[in-house]
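Worksheet: one structure, shown below.
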Amino acid sequence: MPKGFQIEDQEGLHYLTFQVIEWVDIFSRQGIKDIVVNSLKYCQQNKGLVLYAWVIMSNHIHLLGQSKAGNISGFIRDFKKHTSKAIIEYIQSDRESRRDWMLNIFRTAASKTKRNKDFQVWTHENHCIQIYTDSFVRDKLEYIHINPVRSDIVEKPEYYIYSGARNYAGEKGMLDVEIITTKWHTYS
C-alpha cells in the first residue's frame, strides 16, 4: 500500500494551499470564487472549520485554519470534492467562454489517475503545514494577506474582498475569521 502524506494532528492549526490543475486561472470568474466562498462558509457552519486567514487567487487558494471537529483531512476531502463538482457544473454552463479549453485540461488530468472519473480540478497534493510557532503564524498571515498586493490586484490587502484581510483591518469580510492576536501554540 503506498504511503501518502498524512496529517498527524487533525485538530492543529494548518497552513493550506489548494492548487488548480495546470495552474488554470479559474478564479478570474466571480461565480467560481463565490462557489469557494459558499463552500468555506458551509464548512464553517457545518463541518467545524475555523478560519484565521484566507485568500482566493487566480489559480490557487491559501487558508490558515483548523478543525474543531478534529478532522482537517475530512474538511480538505469534502471541500475539494464539492467545489470540484460545482466548478465543473459552472464551467459546463454557457457562462464560461473558455469552457472547452478548461474542460479539456481537467478531463486530461483525470485520465492520468484512477482517483477521478471524468474531471480533475484540484491537484492531489495538499500543501498542508502544521503551525507551531507565533513567528510562523505571523509569516503566514502576512503572506496570505499580501498575496493580492504582490499580484497587482489591489493596492492594499483589505481592498481585496476575496480575502480575510478585511477582517484584520476591522471591516466586515465575506467570511467570518477568527482574529489571531495572541501567541499561538499547538499542543500535542
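Details
- Pairs with Cβ under 7 Å, 6+ apart, first in the stretch 94-119 and free of Cβ contacts under 8 Å to residues at least 40 places away in the same chain and polar (S, T, N, Q), second assigned to a helix (DSSP H, G or I) and surrounded by 13 or more Cβ atoms within 10 Å (Cβ to Cβ): Asn116/Ala110
- Only residues that are assigned to a loop (DSSP other than H, G, I, E, B) and either touching a Gly at 6+ places or on another chain (Cβ under 8 Å) or not aromatic (Phe, Trp, Tyr) (or both) were counted across the stretch 133-169, and they come to 10.
Readers should treat all values here as calculations from the given coordinates under stated rules, not as data from a laboratory. All values derive from a computational prediction rather than experimental measurement. FYI the Cβ positions are ideal-geometry reconstructions off the backbone, even for glycines, and counts take in every protein chain you see.
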